[in-house]
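I have placed the structure first, in the form of structure tokens, so that the comments after it can refer back to it.
Laboratory data are not the source of any read-out in this text; all were calculated from the coordinates shown. In this text, all values refer to a predicted model and were calculated from it rather than measured experimentally. Note: ideal-geometry Cβ built from the backbone for every residue, glycine included; neighbour counts use all protein chains shown.
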Amino acid sequence: MRADVRQVADGTYLVHGSNTNWVILTDGDALTLIDTGYPGDRQLVLDSLAAVGGSPEAVTAVLITHAHNDHLGSAEHLRATYGTPVYLHEAEVPHARREFLQQVSVGAVLKNAWRPGVLPWLAHVLRSGGTEQHPVTAPEAFPVAEGPLDLPGRPVPVHAPGHTSGHAVYHLPDAGIVISGDALVSDHPTSRLRGPQLLPDMFHHERARAVASLDVIEGLAGDLLLPGHGPLHQGSVKAAAQQARERAV
Ligand SMILES: [Zn+2]
Ligand SMILES: [Zn+2]
């Protein structure tokens, strides 16, 4: 399998991994990598960096939306091998260390096995190392309390909790782009809906909080949504968040 890398704006690339997306922001030769796919996606991550003319050594920092195994997959590998800092919201730092786990269990997924798409998706999770734990040994909270990070692409982290307690989305205000992780997706193998939506209920640590965080996303100016799962969504981010909320009630 090859990484599906598409440029969506100047210096902004959306990568579709085996089942999860990640984003690469470039500024000259330097890169910011936002999320890292499943543990089994490592070669795809490296291929995607090469596809934009980069390399793991050129990654200034890894930003993580949230510490689920399908987003955290290669973060510790990059940190341990290249010394790349791994940044998350402060509430997500202990999750990345695996001091606790806010991820749906295989047992809970199996209770939903009757739903269309769940068993094939679970088979993919198991194949891709989705139940392996790869804690980050030294994750770091964002170095600034608010505003843009001094990293390629100058992403602005915004706390959007619920899916996990420390879930962050990343806003690129000048480009009008929101990188929404699992706080707002556009598709998932276990969903029958297409377009902006919350993930199915079983995936959220606190679903009511995830619904409330749609208000936060709604307030971010933009017309391009790069979600953690599903295709990019073109159109008002505000309207996308509203649509997901309507579907969630
Ligand atoms: Zn997740
Ligand atoms: Zn995910």
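If you place +1 on the Cβ of every Lys and Arg, -1 on the Cβ of every Asp and Glu, and leave all else neutral, what size is the dipole of the range 127-249 about its Cα centre, to the nearest 20 Debye?
Working: 9 positive and 13 negative charges, 84 e Å.
Roughly 400 debye for the range 127-249.
Suppose every K and R has +1 on its Cβ and every D and E has -1 on its Cβ; what is the size of the dipole of the chain about the Cα centre, in Debye to the nearest 20?
Values: 17 positive and 26 negative charges, 189 e Å.
Rounded to the nearest 20 debye, it is 900 debye.
Please arrange 55, 236, 213 by counting, for each residue, the other beta carbons lying within 10 Å of its beta carbon, fewest first.
Fewest to most other Cβ atoms nearby, the residues stand as 55, 236, 213.
Starting with the highest mean, order 70-83, 141-154 by the number of other Cβ atoms within 10 Å, averaged over the residues of each peptide.
Details: 70-83: 20.8, 141-154: 15.6.
The peptides rank, most packed first, as 70-83, 141-154.
If we count every other residue with Cβ under 14 angstrom of residue 48's Cβ, Lys/Arg +1 and Asp/Glu -1, where does the sum land? Numbers along the way, then the final one.
Numbers: positive: 2, 6, 42; negative: 4, 35, 41, 47.
Summing Lys and Arg as +1 and Asp and Glu as -1 gives -1.
Mind giving me the nanometre distance, one decimal, between the label points for residue 126 and residue 114, set 7 Å out from Cα along Cα→Cβ?
Reported label-point gap for residue 126 and residue 114 is 2.1 nm.
The range 177-228: D in µm²/s via Stokes-Einstein (Kirkwood Rh, Cα pairs, 37 °C, 0.692 mPa s)? Before the final figure, lay out the partial values.
On the way: Rh = 11.4 Å.
Answer, rounded: 288 µm²/s.
Using the Karplus curve 6.51 cos²θ - 1.76 cosθ + 1.60 with θ = phi - 60°, work out ³J(HN,Hα) for each residue of the range 50-60 in order, rounded to whole Hz, and write x for Gly and Pro.
Result, ordered by residue: 5, 5, 9, x, x, 7, x, 5, 7, 7, 5 Hz.
Using the eigenvalues of the Cα gyration tensor, what equivalent ellipsoid semi-axes result for the range 143-249 when each is taken as the square root of five times the eigenvalue, whole Å, largest first? Before the final figure, lay out each step's value.
Values: eigenvalues 92, 47, 26 Å².
Taking √(5λ) for each eigenvalue gives 21, 15, 11 Å, largest first.
As a check on your grasp of the helix formula, calculate [θ] at 222 nm for the chain: sum -39500 (n - 2.57) over DSSP H runs of n ≥ 4, divide by the residue count, round to the nearest 500. Please report the intermediate quantities before stating the final value.
Values: 8 runs with 66 residues, N = 249.
One gets -7000 deg cm²/dmol as the mean residue ellipticity at 222 nm.
Per residue, what volume in Å³ does the Cα convex hull of the chain take up? Walk me through the intermediate numbers first.
Details: hull volume 26.9 nm³, N = 249.
Normalising the Cα hull of the chain by residue number yields 108 Å³.
Which residue, 136, 248, 212, has the largest displacement toward the positive end of the dipole of the chain when charges sit on each Cβ (Lys, Arg +1; Asp, Glu -1)?
248
Roughly how many whole Å is it from the C-alpha centroid of the range 152-212 to that of the range 52-110?
16
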